[in-house]
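Notes follow the structure.
The values are calculated or read from the model by the stated rules, or taken from the named source; none is laboratory data. As the structure is a prediction and not an experimental result, all values here were calculated from the model. Cβ sites come from the backbone with ideal geometry, for glycine too, and all protein chains shown count toward neighbours.
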Amino acid sequence: MPELPEVETIASGVHQRVHGQRIVRVWTSGKPQTFKTPEDEIATALTGARILSVRRVGKTIVMTVARGKTSVELLIHLGMTGRLLVSAPEVPRAVHTHAVLTLDDGREIRFVDPRRFGRLSLQPQNEFYAGPGHEPLTISLDEFVALFHPRHTAIKAALLNQSLLHGIGNIYADESLFRAAIRPTRQAARLTRAELARLRTALVEVLRHAIELGGSSVSDYVDADGARGFFQLEHRVYQRTGQPCLVCGTPIQKITLAGRSTHFCPVCQK
DNA sequence: AGGTTGACCTGGACGC
DNA sequence: TGCGTCCAGGTCAACC
């Protein structure tokens, strides 16, 4: 579901609203697959703890809490449909609410996830390892080229591979390839350095712009306050199948690649 | 080993 | 209105 810009928007929004607060009560839904760490362990570790920070690493939200001398990190992955909301207690709980952290001042952090692809787990502080991938907003061009040059799969599939780059999902893969004028089916290893440079620039621009606009609201994505983002208005190919390309007017095509729907302009993207 | 495919879930859109 | 089918932003296990 949410990709880097959406997770970034949610994590920074939740951080601003709750850091420094103490968790006084923890409720969980009893849906075992949502919890990679047993629910009672999560409840025990968080109850009475103070929230130090909430941040994003890749597509994971990392909440660091401290109780006494020990700190732990609650890892929240939103999957496809997960939401993390900060709500007043009188606001009715949404269906498919799986965890509620009640704060000192009565507000609640709620994890809601209809499709249950999201996951909550606990780690001792600083043991969280996001995997071997790089953050796309800070990777250098040399690193970027070294990452993709050995890959013999389609560039779109490589962009979705979280062990290469963190945080790219279906929307931003399609949108960055369009802006870089590269066809998603091209083999990564056959892209020139100049093409990879265009792709890296396009990715950074798309991700930064999307973060500024609060992410893309396709179906049910909302931020910590329940507000929708606006980057979906900037989509040039994603979910525009059959509509005219905004550059050349050719109808946008949709194919299946790496098991995902993939949108591109057959004229602009070579 | 790298690459590819299907399974995991629920709900909304669409067609008949 | 009601039912069936298809599709969805992610990940991971199991295969080739």
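Things to note:
- Single residue of A:R236, A:R179, A:R240, A:R193 found to be more than 9 Å from DNA strand C (Cβ to nearest atom), free of Cβ contacts under 8 Å to residues at least 24 places away in the same chain and over 29 Å from A:R110 (Cβ atoms): A:R240
- Between A:D223, A:D174, the distinction of being within 14 Å of DNA strand C (Cβ to nearest atom), surrounded by 14 or more Cβ atoms within 10 Å (Cβ to Cβ) and closer than 22 Å to A:V57 by Cβ belongs to A:D223 only.
- A:A130 of a type in the set (G, A, S) and either within 13 Å of DNA strand B (Cβ to nearest atom) or under 30 Å from A:V26 (Cβ atoms) (or both): yes
- Tallying residues that are more than 16 Å from DNA strand C (Cβ to nearest atom), exposed (fewer than 12 other Cβ atoms within 10 Å of the Cβ) and within 19 Å of the chain's Cα centre (by Cα) within the range A:96-151 yields 1.
- Which numbered condition A:I10 misses (of (1) under 17 Å from A:G167 (Cβ atoms); (2) part of a loop (DSSP other than H, G, I, E, B)): (2)
- Sole exception among (1) more than 30 Å from A:S87 (Cα to Cα); (2) out of contact with any helix residue (DSSP H, G or I) (no Cβ under 9 Å at 6 or more places or on another chain); (3) outside any helix (DSSP H, G or I) for A:A194, by number: (3)
- Considering A:R236, A:R208, the condition of being among the basic types (K, R), crowded, with 17+ Cβ neighbours inside 10 Å and in contact with a Leu (Cβ under 8 Å, 6 or more places away or on another chain) is satisfied by A:R236 alone.
- Here A:V91 does not fit the description of being at pLDDT below 95, farther than 30 Å from A:S163 by Cα, under 23 Å from the mean Cα position of the chain (by Cα) and aliphatic (A, V, I, L, M).
- The set of residues in the range A:64-98 that are within 16 Å of DNA strand B (Cβ to nearest atom) and not β-branched (V, I, T) comprises A:H77, A:L78, A:G79, A:M80, A:G82, A:R83, A:P92, A:R93, A:A94, A:H96, A:H98.
- Checked against the criterion of being surrounded by fewer than 22 Cβ atoms within 10 Å (Cβ to Cβ) and within 16 Å of DNA strand C (Cβ to nearest atom), the candidates A:G58, A:G48 yield just one match: A:G58.
- Taking the range A:224-236 as the range and being within 23 Å of A:S87 (Cβ to Cβ), in contact with a Lys or Arg (Cβ under 9 Å, 6 or more places away or on another chain) and more than 16 Å from DNA strand B (Cβ to nearest atom) as the test, the residues that pass are A:A224, A:D225.
- Checked against the criteria, A:S29 does not count as small (G, A, S) and modelled with pLDDT of 95 or more.
- Scanning the range A:226-270 for residues that are aromatic (F, W, Y) and under 27 Å from A:R56 (Cα atoms) yields A:F230, A:F231, A:Y238.
- Residue pairs meeting the criteria (Cβ under 8 Å; at least 6 apart or on separate chains; first touching a residue at least 40 places away in the same chain (Cβ under 8 Å), in the range A:10-24; second in a helix (DSSP H, G or I) and of a type in the set (S, T, N, Q)): none
- A:A189 meets the conditions (1) surrounded by fewer than 21 Cβ atoms within 10 Å (Cβ to Cβ); (2) more than 13 Å from DNA strand B (Cβ to nearest atom); (3) of a type in the set (A, V, I, L, M) in every case but one. The failed one is (2).
- Only one entry of A:A227, A:A210, A:A202, A:A189 meets the criterion of being under 16 Å from the mean Cα position of the chain (by Cα) and of a type in the set (G, A, S), and that entry is A:A210.
- Qualifying residue in the range A:16-35 (condition: buried (at least 22 other Cβ atoms within 10 Å of the Cβ) and part of a loop (DSSP other than H, G, I, E, B)): no
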